[in-house]
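What follows is one structure encoded as structure tokens, with my remarks underneath.
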Amino acid sequence: MTQLRIFVSALALCLLSACGGEDQVSIAQYKGQWVFVNYWAEWCKPCIKEIPELNQLHIAHDNVTVLGVNFDGEIGEALREQEQTLGVEFPTLPYDPSAELGIERPKALPTTVIINPAGEVIDVLIGPQTEQSLLAQTN
């Protein structure tokens with residue numbers, strides 16, 4: 001009986017830690033890839049316009065990952081609703097990584113931080129981007 005209780009407890013912990021997988025996203029897990037960290041907000045018209053480009057970039061290229069950061073700090077259900085409304089198809093970080101990346105928190109939106117496969121920030125772009133403009137940064 002004790003072994004069954006331990007197994008059930010371990011299974012429950014495992015399942016709980018897997019819930020909300022998108023909340024477990026971190027930049028470090030993408031080392032070895034090009035990473036584009038995009039700050040967006042639901043009220044930002046240029047952000048909304050560039051989301052399809054970011055979706056395409058994220059989906060179409062194996063060596064590229066797009067990670068979102070909700071500028072307003074939304075989490076949980078409010079964040080999921082905004083992502084669904086705007087059609088965001090790339091993961092959203094559950095925190096603002098600006099301090100971790102050694103950059104200032106963006107003052108203008110959209111802002112995209114470019115991280116090379118070695119994990120180094122190589123540029124910060126302000127304003128809407130396209131799949132092509134972002135891919136050009138990887139050359």
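The values are calculated or read from the model by the stated rules, or taken from the named source; none is laboratory data. Since the model is a prediction, treat every value here as computed from it, not as a measurement. Neighbour counts run over all protein chains shown; Cβ positions are idealised from the backbone, glycine included. For the accessible areas, the whole protein counts, side chains as well, though only heavy atoms, and no ligand, DNA or RNA atoms are used. Shrake-Rupley method; radii C 1.70, N 1.55, O 1.52, S 1.80 Å.
A few remarks follow.
- Surface calculation, 1.4 Å probe, protein heavy atoms: Val121 sits at approximately 50 Å² accessible.
- On full extension, the segment bounded by Lys49 and Ile103 gains 17.0 nm, given 0.36 nm per residue less the C-alpha separation.
- FRET efficiency, Thr138 to Glu77 (Cβ-Cβ, R0 30 Å, nearest 0.05): 0.30
- Intensity falloff of region 63-139 expressed as log10 I(q)/I(0), Debye formula with alpha-carbon point scatterers, at q = 0.18, 0.22, 0.23 Å⁻¹: -0.82, -1.21, -1.30
- Dimensionless Rg over Rh [region 62-101; C-alpha; Kirkwood]: 0.99
- Sequentially through region 43-52, phi angles give Karplus couplings (6.51, -1.76, 1.60; θ = phi - 60°) of 8, 8, 4, x, 4, 4, 5, 8, 4, x Hz, Gly and Pro residues having no value and appearing as x.
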